[in-house]
Each structure stands twice: as C-alpha cells, then as structure tokens.
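Here's the structure we're looking at; comments come further down.
All of the numbers you see were taken from the coordinates with simple rules; none came from a lab. Keep in mind the model is a prediction, meaning the values are calculated, not measured. Methodologically, a virtual Cβ is constructed for each residue, glycine included, from the backbone with ideal geometry; neighbour enumeration extends over all protein chains shown.
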Amino acid sequence: MHTTIKVSTMMQNTDFYRAKLPHWQPLGGTFFVTYNLNGCIPREVFERWQEDYEIEKRAILQKNPISPIELDNLDKRYFAKRDKYLDTLQSGNHYLKDDRVAKVVADSLHYWDNKRIELYAYCIMSNHVHVVLRLLGDDEAEKVIYLQTLMHSIKLFSARNCNKILNLSGQFWQHESYDRLVRDADELDRILFYVLNNPVKAGLCLRIEDWKYSYIKPDYNQYF
C-alpha cells in the first residue's frame, strides 16, 4: 500500500505544543497517538522514563553533526518501552474491556472524522488506545483543530461519559499522551499494522480481524 501523506510546510505558533516535551503538530500532518488510563503507569515510573529520555536526547543533541536517525530511534525505543509496559500490565484498571466504555471511546474518535480529521485507524486495548489520524488543513475543513486541542476534547468527552457509565469520578486518562508525526507512506503502513496487530502481539486474539475494538478506514482494509 502506498498512500500520499499530506504534510503541512507552513508552521504557526500553535504547530508547536510544549508539555513535558516539544511536539511538532502541523495542520495536514498524519499522527500516531497513544493514550492510556490514569494510574496505569505509576508517576515515578513515568517520570524516570522521561528523565532517562531527556538525558539520552541531550547527549545526541550535543553531537556534531546531530543525527536525526538517533533521535528517531530514541523516540521509537521509549514508545516501545511504554507500550510493552501497558500490554503486559496485569494490575491496575482495565476499564476499556467494558463494551459500553469501549463504545464511548470509539464514538469520541469517529465524531471528528471528516469534520476536523481523517481517521485512519484505532485499536482500543484494555488500558490504552492507539489511533492514527490526519489533521485536516484549512483548505479541507470549515474550522481547523490542532492535535493538543483535539486530544483534550476527545479525552474530556470520553472521560465524562465513561465515568458516568462506571459510576466513577475524577481523572480518567493520564494527562500525557504519546504522539508521533508520520513521515511518509511506508511509515504509515508500518504503524497501521502495528496498531491493528497490537491485540495479536499481546496474546489477546489470534488474528487481527478477531479484535472487536479495532477500526481501519475502508481504503486500508487489506489488513482484514
């Protein structure tokens, strides 16, 4: 599969979002996003990962010339650590296994499709969500939305409704999400397969199509 990936070359102040780490979030960009339930990753573990990441990142940035490949591999390595932790976690909350809760999460993603985003795929695991999407540019949507605003809205809506279903209150999602700007069509192919294959890799089902909490845009349904 080879699909044209639209990437915006015009940056605005809101293309950059800073929380713990800077993120480039251009309109027209395609993103791989992962977010998880609050409390799944203990704060001390998450902060240690971030501290280690920053130390390694600074070491790479001090080199001359700076190696983009090393930075990219660093990002991938720390994502893999986070995702493996979530996939193998037996303790903690696994609210997303509840069909009612999973539907709320799915609805919160589909709501924006063709309005502010192009939704490529998602996979709802028991304690985290993978989603692949493209932010529509200002020539495609009546009103554009940046990734940090989009994710805030998705989390807010789903948290409120999931808490209501589960008779809970308080923070539902961890504040920090992982996001990666997809560079090209080959990377998109790899990420789509990774997302859909996550339940198989975690030993939860035998085939991609057996997982009921996944979605793939029909244009890409050769995975099924």
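Listed values, structure above:
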{"read-out": "Mean residue ellipticity (222 nm) of the chain, computed from DSSP H runs ≥ 4 via -39,500 (n - 2.57), nearest 500", "value": "-13500 deg cm²/dmol"}
{"read-out": "Modelled FRET efficiency - R0 35 Å, Asp98 with Ser67, Cβ distances, 0.05 increments", "value": "0.20"}
{"read-out": "Footprinting exposure proxy for His94, His175 (fewest neighbouring C-beta atoms within 10 Å first)", "value": "His175, His94"}
{"read-out": "Overall form of segment 43-88 per C-alpha gyration tensor (a/c, 1.5; a/b vs b/c)", "value": "oblate"}
{"read-out": "Pairwise FRET efficiency - Asp52 versus Lys143, Cβ, R0 = 45 Å, nearest 0.05", "value": "0.70"}
{"read-out": "Reciprocal of mean inverse Cα separation for the chain (Kirkwood radius, Å)", "value": "18.3 Å"}
{"read-out": "Mean separation of Cα contacts under 8 Å, 6 or more apart, over the residue count of the chain: relative contact order %", "value": "30 percent"}
{"read-out": "Sequence-distant lysines (8 or more away, or on other chains) whose Cα lies within less than 20 Å of Lys57", "value": "Lys20, Lys76, Lys81"}
{"read-out": "Size of charge dipole - the chain - debye, nearest 20, with Cβ of Lys, Arg +1 and Asp, Glu -1, no other charges", "value": "540 debye"}
{"read-out": "Filtered chymotrypsin sites (Phe, Trp or Tyr not before Pro), segment 86-116: DSSP coil and at most 12 other beta carbons within 10 Å", "value": "none"}
{"read-out": "Isotropically averaged projected area of segment 75-119, using the convex hull of Cα atoms (one quarter of hull area), nm²", "value": "4.6 nm²"}
{"read-out": "Listed residues Ser158, Ser126, Ser169, most fluctuating in the chain (Gaussian network, C-alpha, under 10 Å)", "value": "Ser169"}
{"read-out": "For the chain, built as a Gaussian network whose Cα springs stay under 10 Å, the top-fluctuating residue of Arg116, Arg48, Arg180", "value": "Arg48"}
{"read-out": "Over 29 Å (Cα to Cα) - which of Lys143/Lys201; Lys155/Lys217; Lys103/Lys217; Lys97/Lys143 fall in this group", "value": "Lys143/Lys201; Lys97/Lys143"}
{"read-out": "For Ser153, net neighbour charge (Lys/Arg +1, Asp/Glu -1) across residues whose Cβ lies under 12 Å away", "value": "+4"}
{"read-out": "Dipole in debye (nearest 20) - segment 43-88, about Cα centre, beta carbon charges: Lys, Arg +1; Asp, Glu -1", "value": "60 debye"}
